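The values are calculated or read from the model by the stated rules, or taken from the named source; none is laboratory data. Just so it is clear, the model here is predicted, and its values are computed rather than measured. FYI the Cβ positions are ideal-geometry reconstructions off the backbone, even for glycines, and counts take in every protein chain you see.
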């Protein structure tokens, strides 16, 4: 990808996040990126063309994030897994907030949304099964239960973004949603797992402070 294209896409994402997809024109993106409207239209003639490129760019970022998260799971670093995904959501919040409008503009967004949802569900379930193998999580109480568990995690991950948009980042902070997700796991931990739960919970405020400082 050319540097100019990447510059256009990152600026488009920034404006979509701030103003909403419907409130951003190609001219606004060009101005924000510090290039001429003609230069932008050379790469992306229509908003549909631009959105398709943004979605592809976002998908690549999502795959990179997912790959890193698998390494964190292997290290029992569950807070980093949660944090990485939440940071991805914040950085691409327009996609979750404006998904119906995006689908009308670029229908392939529906497939991307569905695929991302399935990846999160699979990742959550696989993380649980891996933790079971390590003796940290109780085996599934009955077949299919962890399917519903994963779906509830997905619901939390999506609903918090709306609350953040409505009430602001302070009232719905990264720490609060990370704690909510971590607490949701608590009933499933074994005694060995609860030791990790307590240790991780203590690390959470420090992790968030380090994140803010960075």
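Loosely packed, with under 14 Cβ neighbours inside 10 Å, at pLDDT below 90 and within 20 Å of residue 79 (Cα to Cα): is that true of residue 183 in this structure? When the stated conditions are applied, residue 183 does not pass them. Does region 59-80 include one or more residues that are at pLDDT 90 or above, assigned to a helix (DSSP H, G or I) and crowded, with 17+ Cβ neighbours inside 10 Å? For region 59-80, residues at pLDDT 90 or above, assigned to a helix (DSSP H, G or I) and crowded, with 17+ Cβ neighbours inside 10 Å: present.
Quick check: anything in region 18-39 surrounded by fewer than 19 Cβ atoms within 10 Å (Cβ to Cβ) and under 17 Å from the mean Cα position of the chain (by Cα)?
Checked region 18-39: at least one residue is surrounded by fewer than 19 Cβ atoms within 10 Å (Cβ to Cβ) and under 17 Å from the mean Cα position of the chain (by Cα).
Please work out if residue 51 is within 17 Å of residue 8 (Cα to Cα), touching a residue at least 12 places away in the same chain (Cβ under 8 Å) and not in a loop (DSSP other than H, G, I, E, B). Judged against the criteria, residue 51 is a match.
Just one of the numbered conditions (1) under 22 Å from residue 202 (Cβ atoms); (2) surrounded by fewer than 16 Cβ atoms within 10 Å (Cβ to Cβ); (3) modelled with pLDDT of 90 or more is not true of residue 137: (2).
Within region 152-168, is even one residue outside any helix (DSSP H, G or I) and either under 19 Å from the mean Cα position of the chain (by Cα) or buried (at least 16 other Cβ atoms within 10 Å of the Cβ) (or both)? The answer is yes; a qualifying residue exists.
Screening 150, 155, 180 for residues that are without any contact (Cβ under 8 Å) to a residue 12 or more places away in the chain and closer than 30 Å to residue 17 by Cα leaves exactly one candidate, 155.
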